[in-house]
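Asker: Can you read through this structure? Questions will come right after.
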Amino acid sequence: MMSTPLEDLLIKVRGENRAALIAYLPAGFPSAQKCKDAIATLAEAGVDAIEIGFPYSDPVMDGPTIQEAADISLRGGTGAAEVLSTLKFAHDAGLPTVVMTYWNPIERYGVDAFAKAIATNGGSGVITPDLTIEESGPWKVATSEAGVNTIYVLAPSSTQERIAAVTAKCSGFVYAASLMGVTGARATMSSGAQDLVSRIRNTTDLPVAVGLGVSTRDQARHVAGFADGVIVGSAFIKALLDAKSHKEGLEAIGALAKELALGVREGR
């Protein structure tokens with residue numbers, strides 16, 4: 001399998017002795033076009049890669065901020081076509097791009113067809129938070145044939161045996177959830193993240209990216225000190241939700257991305 005743009009990026013930032021800044025936005029939020037405007041703003045402000053959320057009606061891993069954004073997106077009619085169009089836009093903007101989706105939309109679209117559609121639209125991989133490795137046989141075959149990275153999520157509660165089993169099925173990077181619970185910006189980072197990352201490193205040479213809770217330059221600097229990627233979602237979404245106008249929202253996420261980009265560069 002040829003390397004994906006995501007894998008190339010993670011090699012590049014490792015050579016620069018820093019972590020990658022990965023932004024998360026749900027497709028279709030605040031609208032199909034406004035989401036693309038936001039992606040263009042983030043690309044310009046120094047984000048290294050983007051994670052496109054596939055909005056879903058029962059998002060078990062997501063906190064209130066991302067749920068609110070997903071609701072807005074779903075009410076706007078976002079489905080697979082809009083997710084793939086957003087994916088292609090981000091790829092064309094020069095950002096390595098992955099899709100984060102619950103399993104149900106993949107199954108509805110068709111497992112092989114979904115993996116192929118990700119590849120066709122320039123996607124590097126797919127993060128599947130609710131897919132267990134025991135149930136992912138057909139998905140692994142489909143993604144392998146399409147040349148798409150499979151990214152699984154590990155929580156601090158994972159046993160060492162479980163970590164080894166999951167990382168063996170990962171490609172691109174391993175997603176380390178920094179704390180037990182749902183997504184959302186937090187005032188302080190838990191100490192569990194660093195411990196989880198070192199436990200993951202005992203089982204694999206793959207890069208490890210940390211998500212859940214990062215919202216400030218200081219937090220980005222802290223996480224970049226021990227992880228290969230820093231994933232930020234709720235903080236960007238909250239900035240867009242709180243803005244009085246689309247223009248103000250773009251300015252806010254651009255400023256935040258610049259701060260976070262400095263943070264990941266100061267981590268080591």
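No value in this document is a laboratory result; all are computed from the given coordinates. No experiment lies behind these values; they were computed from the predicted model shown. Here the Cβ is made from the backbone with ideal geometry for all residues, glycine too, and neighbour counts use every protein chain on show.
Asker: Which of the helices in the chain, when you take each full DSSP H run, stretch at least 24 Å along the axis at their Cα atoms and have an average Kyte-Doolittle score of -1.0 or higher?
Answerer: Flagged H segments are 246-266.
Asker: Distance between Cα centroids, region 70-86 to region 220-268: provide it in whole Å.
Answerer: 23 Å
Asker: Using the Cα centre as the reference, give the magnitude of the dipole from point charges on the C-beta atoms of the chain (Lys, Arg: +1; Asp, Glu: -1; all else neutral), rounded to the nearest 20 debye.
Answerer: Approximately 420 debye in magnitude.
Asker: Taking the Cβ-Cβ separation of Ser144 and Leu262 as r and a Förster radius of 25 Å, what is the calculated FRET efficiency to the nearest 0.05?
Answerer: The calculated FRET efficiency here is 0.10.
Asker: Normalised by the number of residues in region 4-157, what is the relative contact order in percent for Cα pairs under 8 Å and 6+ residues apart?
Answerer: Here the relative contact order equals 23 percent.
Asker: Which aspartates and glutamates, if any, have their Cα less than 20 Å from the Cα of Lys12, not counting same-chain residues under 8 positions apart?
Answerer: Those aspartates and glutamates meeting the cut-off are Glu44, Asp48, Glu51, Asp92, Asp205, Asp228, Glu266.
Asker: Taking the Cβ-Cβ separation of Lys12 and Glu134 as r and a Förster radius of 41 Å, what is the calculated FRET efficiency to the nearest 0.05?
Answerer: The computed FRET efficiency comes out at 0.75.
Asker: For region 43-169, what does the equivalent ellipsoid look like in terms of its semi-axes, each the square root of 5 times an eigenvalue of the Cα gyration tensor, given largest first in whole Å? Kindly include the intermediate steps, with their values, before the conclusion.
Answerer: Working: eigenvalues 101, 66, 50 Å².
Equivalent ellipsoid semi-axes, largest first: 22, 18, 16 Å.
Asker: Please state the relative contact order of the chain as a whole percent: Cα pairs under 8 Å, 6+ residues apart?
Answerer: Reported as a whole number, the value is 23 percent.
Asker: When the helices in the chain are scored as -39500 (n - 2.57) per DSSP H run of 4 or longer and the sum is shared across all residues, what 222 nm value do you end up with, to the nearest 500 deg cm²/dmol?
Answerer: So the helix-based figure for the chain works out to -15000 deg cm²/dmol.
Asker: Where both partners of a DSSP beta bridge lie in the chain, what percent of those bridges are antiparallel, to the nearest 5?
Answerer: Bridges in the chain are about 0 percent antiparallel.
Asker: How compact and how long is the chain, expressed as Rg and Dmax of its alpha-carbon atoms in Å?
Answerer: Cα-based Rg and Dmax for the chain come out at 16.7, 49 Å.
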